[in-house]
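Take a look at the structure below.
The values are calculated or read from the model by the stated rules, or taken from the named source; none is laboratory data. Just so it is clear, the structure is predicted and the values come from calculations on it, not from any experiment. Because the Cβ atoms are built from the backbone with ideal geometry, glycine has one as well, and the counts that use them run over all protein chains shown. We work out accessible area using only protein heavy atoms, side chains counted, and drop any ligands, DNA or RNA first. Shrake-Rupley method; radii C 1.70, N 1.55, O 1.52, S 1.80 Å.
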Amino acid sequence: MKRGLLKLIALIIAASLTAAGCTPKETSGSGSRIAIAEQYGLAYAPLQIVKELKLLEKNLPGTVVEWKQLGNTAAIREAMLAGEVDAGFMAIPPFLIGWDKGMPWKIACGLSKSPVGLVTNREEIRSLRDFGDKDRIAVPQPGSVQHILLSMACEKELGDPHKLDNQLVTLAHPEGMSALLSGRDITAHFTAPPYLMKELAEPGMHEVLNGRQAMGGDFTFIAGVTTAAFHDKDPRAYKAFVRSIQEAIDYINNNREKAAAILAEAYKMPEAELLSYLLMEDAAYTTVVEGIEPFAQFMERNGYISKVPGELNEIVWEDVHDENP
Amino acid sequence: MMRIHKSIWFVLFLSLWELLARSGRFSPLVFPPLAAVFKALFHALASGELLQETGFSILLILEGLLVGAVLALLLGMASSLSPLLRSFTEALAALAHPLPGIALLPVIILWLGTGRASILFIIIHSVLWPMLLNVMTGFRAVPKVLAETGRNFGVRGARLFLEVYVPASLPYLLAGLRIAWARAWRALISAEMIFGAVGGKGGLGWYIFKQRVFMDTAGMFSALIVIILIGILVEEVIFERVEAATIRKWGMTDQ
């Protein structure tokens, strides 16, 4: 009995030491495989084009591309930290939170600007001022771009960025939409397309605030972020990745009808509806990155991150087009 | 002896953890050293935040356990009164018992919204069915002679249940309560991880989720430690004591 126990202990220690001795999975930089993580929504449309037109395979022959759709930014961040994903797409605030905590990653390109908005089912709510104690606002998660935009608007309009924090409820977009439409405790939802349009199409719904008002200008909604390992070890793959995104964006901007047809199928939406989204004023696909500075400054001022990037190249790779309003 | 063995294992686990954390193989964002975890635990406790969240979770689960257990007892009593009611509760349990509470969540959000009531509903759901099955089995296992003796002494109705059936089936009831607790505790943490108030209270599961989004790995582990401690406290201390003071003292079980 005793000896069995000792043997078992020895075995466990040996096993864990071997496990510790193994290097984490080497995925990036081999040139044979790129893993890309995205979330769901029209803001990620250029990635659908990269997939459908096989742009990465064209720009980097012999590559196997692995696409992952993950439920939230935290999952993408964790997958990149574990070395399972080379490039991830997310909004600027969650990127900054990771950068602040020491994630070895930088922004490689912008992907999209998008209309985002706070939709309510209560007729009497016309501005943030009209929210009462009983109202509940759904956002995807704390620290998400929706949460940060709402806080920015609260700071501007109500003088306190945390004014509505105690009334926020975390719900993924689909659950947030069904909670809002069910008309129970959730009275408003901060969301993005296609949920934004679906909600506004329902009777009795209206928009209280949009992203541009909250930010006070334009900003990149989704950006492409790659790990340092991927960027450093295989510059050819990195360049091919950025070029593919650029080509997909050019394709959408130059062939709206054709792009709408491809995307309508991918998103299971009517083609006309998709085309009208592509033509919307606030929707734009571009690799230019906008709005890092105002996000960073606001987040640092309110304790979401501990420092502001000193030089832009601390957080973006070379050749990234940055514009600050 | 068992206790000493167990503590040796704990020390071993902890040293192994520290060894791995210090091996330099992993980023501290993946595998934080113990010192960072305990520091995070200390800060979260000192600021009162973790205690508040823990209190929120415990209060919810006690409420759910109480309501679920009482409901199970009532349904159990009803079903031992008539075969019709018994077939009804059995059919109900057969339908609902295999459903994990989390699977019901999207429906519950539609019905009850996203507040405390929804989590309470999930807890009651996880408590009620295992508890009910144990209550029914327990009541059926009560020797007829005990019930008849009770009746001969003029004990009837609710008193018969409380004074004869409940004590006579206590081993079953306690076993049911143990399963119910374990299920409810897991359901609670998972439900809290799915929705909660960003600034307000949302319980331990919510606390973990918040640490996750803000990438505080050490903080995440500190909440896990609290969950483990509560689990040990309830299963090894509270249930042990209750069993020692009742069914073991009364000679109903030899374990």
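Only residues that are in contact with a Gly (Cβ under 9 Å, 6 or more places away or on another chain), open to solvent by 40 Å² or more (accessible area, probe 1.4 Å) and closer than 22 Å to B:Arg116 by Cβ were counted in the range B:9-57, giving 1.
Using the structure shown, decide if A:Ile107 is crowded, with 20+ Cβ neighbours inside 10 Å and within 11 Å of another protein chain (Cβ to nearest Cβ). Lay out the reasoning, then the answer.
Numbers: crowded, with 20+ Cβ neighbours inside 10 Å: yes; within 11 Å of another protein chain (Cβ to nearest Cβ): no.
Answer is no for this residue.
Has the range B:37-44 got at least one residue that is among the basic types (Lys, Arg) and closer than 30 Å to A:Leu81 by Cα? Steps first, please.
Filtering the range B:37-44 for residues among the basic types (Lys, Arg) gives B:39.
Of the ones still in play, those that are also closer than 30 Å to A:Leu81 by Cα are B:39.
Within the range B:37-44, one or more residues are among the basic types (Lys, Arg) and closer than 30 Å to A:Leu81 by Cα.
Scanning the range B:91-116 for residues that are more than 9 Å from chain A (Cβ to nearest Cβ) and either free of Cβ contacts under 8 Å to residues at least 24 places away in the same chain or buried (at least 19 other Cβ atoms within 10 Å of the Cβ) (or both) yields B:Ala91, B:Leu92, B:Ala93, B:Ala94, B:Leu95, B:Pro98, B:Gly101, B:Ala103, B:Leu104, B:Val107, B:Ile108.
A Cβ distance below 7 Å, combined with a sequence gap of six or more or placement on separate chains, defines the contacts here; from the range A:176-195, residues that are within 10 Å of chain B (Cβ to nearest Cβ) reach no residue that is assigned to a helix (DSSP H, G or I) and among the hydroxyl-bearing types (Ser, Thr, Tyr).
Test A:Asp100 against the stated conditions and say whether it is in contact (Cβ under 8 Å) with a residue 60 or more places away in the chain, of a type in the set (Asp, Glu) and at the interface with another protein chain (Cβ under 10 Å from one of its Cβ atoms).
Numbers: in contact (Cβ under 8 Å) with a residue 60 or more places away in the chain: yes; of a type in the set (Asp, Glu): yes; at the interface with another protein chain (Cβ under 10 Å from one of its Cβ atoms): yes.
Here the answer is yes, as A:Asp100 does meet what is asked.
Would the range A:142-157 turn up any residue that is at pLDDT 90 or above and facing chain B (nearest Cβ under 7 Å)? Yes: the range A:142-157 contains one or more residues that are at pLDDT 90 or above and facing chain B (nearest Cβ under 7 Å).
Here A:Gly132 passes the criteria (1) at the interface with chain B (Cβ under 10 Å from one of its Cβ atoms); (2) open to solvent by less than 40 Å² (accessible area, probe 1.4 Å); (3) small (Gly, Ala, Ser); (4) out of contact with any His (no Cβ under 9 Å at 6 or more places or on another chain) except the one numbered (1).
Annotation: of all residues in the range A:256-274 being open to solvent by 50 Å² or more (accessible area, probe 1.4 Å) and not acidic (Asp, Glu), the one that is farthest from A:Pro193 (Cα to Cα) is A:Lys258. Taking residues in the range B:118-132 that are surrounded by fewer than 24 Cβ atoms within 10 Å (Cβ to Cβ) and at pLDDT 90 or above, and partners anywhere that are among the basic types (Lys, Arg) and in a helix (DSSP H, G or I), the pairs with Cβ atoms closer than 8 Å and at least 6 places apart or on different chains are B:Pro130/B:Arg183. Total residues in the range A:96-120 satisfying the condition of being within 18 Å of A:Ala283 (Cα to Cα) and not charged (D, E, K, R): the figure is 10.
Of the residues in the range A:120-130, none is within 22 Å of A:Ala43 (Cβ to Cβ) and among the hydrophobic types (A, V, I, L, M, F, W, C).
Only one entry of B:Gly205, B:Gly157, B:Gly176 meets the criterion of being open to solvent by less than 10 Å² (accessible area, probe 1.4 Å) and over 24 Å from B:Trp250 (Cα atoms), and that entry is B:Gly205.
If you go through the range A:59-71, how many residues are in contact (Cβ under 8 Å) with a residue 24 or more places away in the chain, open to solvent by 20 Å² or more (accessible area, probe 1.4 Å) and more than 14 Å from chain B (Cβ to nearest Cβ)?
Narrowing the range A:59-71 to residues in contact (Cβ under 8 Å) with a residue 24 or more places away in the chain: A:59-60, A:62-71.
Next, from what is left, pick out any that are open to solvent by 20 Å² or more (accessible area, probe 1.4 Å): A:59, A:62, A:64-71.
Now restrict to residues that are more than 14 Å from chain B (Cβ to nearest Cβ): A:59, A:62, A:64-69.
Matching residues across the range A:59-71 total 8.
Each row is one residue, and each column tells you yes or no for (1) in contact with a Lys or Arg (Cβ under 7 Å, 6 or more places away or on another chain); (2) under 22 Å from A:Pro94 (Cα atoms).
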residue	(1), (2)
B:Ile179	no, no
B:Trp185	no, no
B:Gly205	no, yes
B:Phe239	yes, no
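When each of B:Ala147, B:Ala187 is tested for being part of a helix (DSSP H, G or I), among the hydrophobic types (A, V, I, L, M, F, W, C) and closer than 30 Å to B:Gly113 by Cβ, the lone residue that passes is B:Ala187. Would you mention how many residues in the range A:282-308 are open to solvent by 20 Å² or more (accessible area, probe 1.4 Å), touching a residue at least 40 places away in the same chain (Cβ under 8 Å) and not in a strand (DSSP E or B)? Count: 8. When we screen B:Ala36, B:Ala72 for residues that are part of a helix (DSSP H, G or I), at pLDDT 90 or above and within 14 Å of chain A (Cβ to nearest Cβ), the only hit is B:Ala36.
Can you tell me which residues in the range A:72-88 are surrounded by fewer than 24 Cβ atoms within 10 Å (Cβ to Cβ) and either more than 18 Å from B:Phe214 (Cβ to Cβ) or within 11 Å of another protein chain (Cβ to nearest Cβ) (or both)?
Residues satisfying the conditions are A:Asn72, A:Ala74, A:Ala75, A:Glu78, A:Leu81, A:Ala82, A:Gly83, A:Glu84.
Considering only the range B:230-244, I want to know if a residue exists there that is more than 14 Å from chain A (Cβ to nearest Cβ), in a loop (DSSP other than H, G, I, E, B) and either farther than 30 Å from A:Gly303 by Cα or more than 17 Å from the chain's Cα centre (by Cα) (or both). Steps first, answer last, please.
Within the range B:230-244, the subset more than 14 Å from chain A (Cβ to nearest Cβ) is B:230-244.
Checking which are in a loop (DSSP other than H, G, I, E, B) leaves us with none.
Within the range B:230-244 (the criterion being more than 14 Å from chain A (Cβ to nearest Cβ), in a loop (DSSP other than H, G, I, E, B) and either farther than 30 Å from A:Gly303 by Cα or more than 17 Å from the chain's Cα centre (by Cα) (or both)), the answer is no, since none of the residues qualifies.
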